[in-house]
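The values are calculated or read from the model by the stated rules, or taken from the named source; none is laboratory data. Computed from a predicted structure; not experimentally measured. Neighbour counts are summed over all protein chains in view; Cβ atoms, including those assigned to glycine, are modelled from backbone coordinates with ideal geometry.
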Amino acid sequence: MIAPSNSRPLEVKRAVWCLWAAFVLSVVVSIVQFMRAAPHLGGQHPSLLLAGGTLLLVAINAIIIYNIAQGRNWARVIQLAFVLVVLLFYVYMFAHLHTLSMPIHRSPFGYISGIVQFLLQVFALWLVFTTPGKTWFEVSQV
């Protein structure tokens, strides 16, 4: 079942806005990074698989955010799982920073925006997994 949207707590509304902000930022960063990389591809075009995979991930992310806004608990749990995977990636990346061939000075915008996106998502999850957001999702399951 889905909770009526007019009873959505302010915390859930804020969480959804944070998730949409992180989503838009990720799309903008992807476009900027592609445009920066395009001249270095030597006339080659990114593979259809890469483009299709990126579009699929964007669509899945939008669907999850929409369903969180609708009060669907499964979407909230999937978002948590995705953020935990990103956290594991960040832990690995920082633990092996000295051996990685991805210097931060190459794309500070990408790194900083990634951290901003991550923080927005963590804050949004905190809002939907604590009261009153948590209670709203529990009621929507009844």
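Could you figure out which of (1) surrounded by 14 or more Cβ atoms within 10 Å (Cβ to Cβ); (2) modelled with pLDDT under 95 isn't true of Asn61?
(2)
Residue-by-condition table, conditions (1) part of a helix (DSSP H, G or I); (2) surrounded by 10 or more Cβ atoms within 10 Å (Cβ to Cβ); (3) over 18 Å from the mean Cα position of the chain (by Cα); (4) modelled with pLDDT of 95 or more:
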{"residue": "Met1", "(1), (2), (3), (4)": "no, no, yes, no"}
{"residue": "Trp17", "(1), (2), (3), (4)": "yes, yes, no, yes"}
{"residue": "Trp20", "(1), (2), (3), (4)": "yes, yes, no, yes"}
{"residue": "Val27", "(1), (2), (3), (4)": "yes, yes, no, no"}
{"residue": "Arg36", "(1), (2), (3), (4)": "yes, yes, yes, no"}
{"residue": "Asn67", "(1), (2), (3), (4)": "yes, yes, no, yes"}
{"residue": "Val77", "(1), (2), (3), (4)": "yes, yes, no, yes"}
{"residue": "Phe82", "(1), (2), (3), (4)": "yes, yes, no, yes"}
{"residue": "Leu97", "(1), (2), (3), (4)": "no, yes, yes, no"}
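Could you give me the residue pairs with C-beta distances under 9 Å whose first residue belongs to segment 69-96 and is farther than 27 Å from Pro9 by Cα, whose second residue is not in a helix (DSSP H, G or I) wherever it lies, and which are 6+ apart or on separate chains?
Cβ pairs passing all conditions: Met93/Leu100; Met93/Met102.
What tally of residues in segment 115-142 results from selecting those that are buried (at least 19 other Cβ atoms within 10 Å of the Cβ) and either out of contact with any Lys or Arg (no Cβ under 9 Å at 6 or more places or on another chain) or closer than 14 Å to Val83 by Cβ (or both)?
7
Here are some conditions: (1) hydrophobic (A, V, I, L, M, F, W, C); (2) over 24 Å from Val28 (Cα atoms); (3) touching a helix residue (DSSP H, G or I) at 6+ places or on another chain (Cβ under 7 Å). Ile65 meets all but one. Which one does it not meet?
(2)
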